[in-house]
Amino acid sequence: MKNQLFLFNVLPSWIIILMPALLISGPFLSDLGVSLVAILFIINSVKNKLNKYYNNIYFKIFLLFCLILILSSLLSENKLISLKNSLFYFRFGIFSLCFWYLLEKNKLLVKYLFISIIICFSLLIIDGYIQFFFGKNLFGYTLYNNYRVSSFFGSELILGSYLARFFPLLFGLFILFDQSKKNKTTLFLMTIIFILSEGLIFISGERLALFFMNLSAVYIILMLKEYRNYRFWTYLASLFLIILMINVYPNAKERFIDQTINDFTRNTFNNSNKEDDKLYIFSKPHTDMYITAYRIFLDNKFFGVGPRQYRNKCDKYFVSEYSCETHPHNTYLELLSESGIFAFLIIIIIFILLIYISIKHFLFKFIRGRKDVINDFEVCLLSAIIISLWPFSPSGSFFNNWMSIVYYFPVGLLLWQRSKYKNSIKTK
């Protein structure tokens, strides 16, 4: 009995608690942790008949999505290579179910997770600003290209992405605990962490991360009920810090303002480097990849060319030297080209549903006596999911293991919260 408790509850709980740190270490340990959690939960489900966690619309839609990915791989020319990414994709959904299960079984899990994310953010803030001011971080990693901060991620320029994607979770967990305690010391420390982490996103040099930071901040400010003013003032303080750094850090202005304008308007394929009046979607390389992905889709409408196969097919749909990358750098074009219209429809419908819930919640806030559609914690969770599924921006590969863990991490928390809400309705 003790062995079962350790294998099915204690061990998976600690893997989830440590997942924010494992993601900093890289894709290997984090993916190993997700796989182990998924395997243990499947065994636990069979032994203890945990049918409740599978008998819901979320898992049924997710299972359909997995089957489409596998079918797409089986129909591709490089079946074995494609199946490496699709055959075991189900582990991410199972991980979310196990997260939900453990949150119900262990009330301390969410508290320890909150502490874990605080520690990760604090270490990244300390290390990141040391690297920014002194040129090297605590491990001796120098600034990338002499101006971009990467902290413990080294040559992997994902510091900003990590902070921007986990920030809504950190803020949501802060709301969850602060509602009952209202501790001034905690409030002060968290305020410092919030402001400095958003400043760190800026000096990471990741424009997409900065966009997601602003998108989630605006979303949260509009949707929150009790903590709206607090989030508004911390956001303003962050913007003030960023404006200050722009004035004392000229490389930041060059990358975020000058380079962005040039990317939208300059023909970088032209060796003369002369500007013309042609506009691009984010940049010429992005535009050419998007056109290439769309051409692939037109010839493979239903099931695409197989997950992670864009890189092997792009040369046949050549637009320019920028056409061929590992993926087309947009989630929805990647799904269309690699997995076809059915996989694309599932994800876009989920995104539209989240936007519908958000609009409904926003409108209901102004109707007196009307219950909120979602609570403040769920607002933050939805924010984390929405920025991951946002269609109007470049993105990492949808099938990248590291990114997939980040995508599915808030889902377990949201399933837990929705289950709590349904149970509270039944008991009334």
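The values are calculated or read from the model by the stated rules, or taken from the named source; none is laboratory data. In this text the structure is predicted, and so the values were computed from the model without any measurement. With ideal geometry, Cβ positions are generated from the backbone for all residues, glycine too; neighbour counts draw on all protein chains shown. Heavy atoms of the whole protein, side chains included, go into the accessibility calculation; ligands, DNA and RNA do not. Shrake-Rupley method; radii C 1.70, N 1.55, O 1.52, S 1.80 Å.
One residue stands out among those in region 187-222 that are among the polar types (S, T, N, Q) and in a helix (DSSP H, G or I): the one that is surrounded by the fewest Cβ atoms within 10 Å (Cβ to Cβ), which is Thr191. Go through region 1-54 and give me each residue that's assigned to a helix (DSSP H, G or I), under 17 Å from Gly93 (Cβ atoms) and aliphatic (A, V, I, L, M). Those that are assigned to a helix (DSSP H, G or I), under 17 Å from Gly93 (Cβ atoms) and aliphatic (A, V, I, L, M): Ile15, Ile16, Met19, Val34, Leu36, Val37, Ala38, Ile39, Leu40, Ile42, Ile43, Val46. Listed by first and then second residue, the pairs linking a residue in region 14-33 that is over 19 Å from Ala164 (Cβ atoms) to a residue that is open to solvent by 30 Å² or more (accessible area, probe 1.4 Å), with Cβ atoms under 8 Å apart and 6 or more places separating them unless they lie on different chains, are Ile15/Leu22; Ile15/Leu36; Ile17/Tyr112; Leu29/Leu22; Asp31/Asn401; Gly33/Leu18; Gly33/Leu22. With respect to (1) touching a residue at least 40 places away in the same chain (Cβ under 8 Å); (2) in contact with a Phe, Trp or Tyr (Cβ under 7 Å, 6 or more places away or on another chain); (3) closer than 21 Å to Gly396 by Cβ, the lone exception for Ile341 is condition (3).
The residue that is most open to solvent (accessible area, probe 1.4 Å), counting only those in region 63-80 that are under 14 Å from Gly340 (Cα atoms) and free of Cβ contacts under 8 Å to residues at least 12 places away in the same chain, is Leu67.
Every residue, every condition in (1) of a type outside the set (A, V, I, L, M); (2) within 17 Å of Trp100 (Cβ to Cβ); (3) assigned to a helix (DSSP H, G or I), yes or no:
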{"position": "Ile359", "(1), (2), (3)": "no, no, yes"}
{"position": "Asp372", "(1), (2), (3)": "yes, no, no"}
{"position": "Ile386", "(1), (2), (3)": "no, no, yes"}
{"position": "Pro391", "(1), (2), (3)": "yes, no, no"}
{"position": "Met403", "(1), (2), (3)": "no, no, yes"}
{"position": "Gln417", "(1), (2), (3)": "yes, yes, yes"}
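Taking residues in region 401-420 that are at pLDDT 95 or above, and partners anywhere that are basic (Lys, Arg), the pairs with Cβ atoms closer than 8 Å and at least 6 places apart or on different chains are Val406/Arg165. I'd like to know if region 83-90 contains one or more residues that are over 26 Å from Phe211 (Cβ atoms), outside any helix (DSSP H, G or I) and open to solvent by 80 Å² or more (accessible area, probe 1.4 Å). Yes, there is a match, as at least one residue in region 83-90 is over 26 Å from Phe211 (Cβ atoms), outside any helix (DSSP H, G or I) and open to solvent by 80 Å² or more (accessible area, probe 1.4 Å).
Scanning region 299-344 for residues that are of a type in the set (Val, Ile, Thr) and either open to solvent by less than 10 Å² (accessible area, probe 1.4 Å) or farther than 15 Å from Met403 by Cβ (or both) turns up Val305, Val319, Thr331, Ile341. From the list Lys225, Lys184, which one is open to solvent by 70 Å² or more (accessible area, probe 1.4 Å) and without any contact (Cβ under 8 Å) to a residue 60 or more places away in the chain? Residue meeting the stated conditions: Lys184. Tallying residues that are open to solvent by less than 10 Å² (accessible area, probe 1.4 Å) and aromatic (Phe, Trp, Tyr) within region 147-181 yields 5. Starting from residues that are among the small types (Gly, Ala, Ser) and closer than 23 Å to Leu173 by Cβ, keep the ones in region 358-400 and report whichever is surrounded by the fewest Cβ atoms within 10 Å (Cβ to Cβ). Result: Ser358.
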